[in-house]
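What follows draws every value from the coordinates through simple rules; no lab data is involved. No experiment lies behind these values; they were computed from the predicted model shown. Virtual Cβ from ideal backbone geometry, glycine too; neighbours counted across all protein chains shown.
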Amino acid sequence: MRAAISFLLLIILFGNTNAQTSNFDSVLAKKLHADEYGMKKYILVLLKTGTAIINDKKQVDSIFKGHLKNIQRLAAENKLVLAGPMGKNDKSYEGLFILNTESIAEASALLATDPAIHAKLLDAEVYLWYGSAAVQQIPSMHEKVQRTHF
């Protein structure tokens with residue numbers, strides 16, 4: 001009897017955990033290809049220091065300018081949903097991308113368009129990643145908080 005009362009008390013206190021929240025937006029979930037948990041598959045790319053050594057500063061600057069332009073293009077095409085540099089670390093990690101695909105082949109094709117990867121100034125480690133479908137909303141939100149453009 002006490003177990004039944006405890007169970008009833010838990011239901012009253014915490015409600016039905018299977019019920020949908022009032023914030024659920026089925027149209028947005030469908031648009032973002034979210035599964036029942038609000039998640040989807042992406043490709044996580046860890047960018048590492050590459051093997052190339054280029055001593056010409058103008059050439060390196062030009063390559064990384066192209067790298068930033070490529071990031072902007074991929075974001076505008078909704079292929080890149082998150083990107084950013086890493087702080088100093090002992091693993092040679094330079095930055096990360098989250099690509100809006102679950103295909104390693106498509107991710108490889110997208111990465112091949114990056115001048116810094118093409119020049120081997122950056123190398124890419126590619127992993128399948130399962131995260132919130134809402135990550136796709138970051139680029140449009142970023143535009144609202146960014147004052148300076150590259």
Checklist line | Among residues of the range 102-137, those that are closer than 12 Å to Ile43 by Cα, surrounded by 17 or more Cβ atoms within 10 Å (Cβ to Cβ) and touching a helix residue (DSSP H, G or I) at 6+ places or on another chain (Cβ under 7 Å), counted | finding: 3
Check: If Asp25 satisfies every condition in (1) under 20 Å from the mean Cα position of the chain (by Cα); (2) loosely packed, with under 14 Cβ neighbours inside 10 Å but one, which is the exception?
Finding: (1)
Next item on the list: Would you check which residues across the range 30-65 are of a type in the set (Gly, Ala, Ser) and either surrounded by fewer than 16 Cβ atoms within 10 Å (Cβ to Cβ) or in a strand (DSSP E or B) (or both) and list them?
Entry: Gly38, Ala52, Ser62
Checklist line | Search result, residues across the range 112-150 that are touching a residue at least 40 places away in the same chain (Cβ under 8 Å), small (Gly, Ala, Ser) and assigned to a loop (DSSP other than H, G, I, E, B) | finding: Ala119
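Yes or no, residue by residue, for (1) under 27 Å from Ala34 (Cβ atoms); (2) polar (S, T, N, Q); (3) in contact with a Pro (Cβ under 8 Å, 6 or more places away or on another chain):
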| site | (1), (2), (3) |
| --- | --- |
| Asp61 | no, no, no |
| Lys69 | no, no, no |
| Gly84 | yes, no, no |
| Lys88 | no, no, no |
| Leu96 | yes, no, no |
| Asn100 | yes, yes, no |
| Ala107 | yes, no, no |
| Lys120 | no, no, no |
| Val135 | yes, no, no |
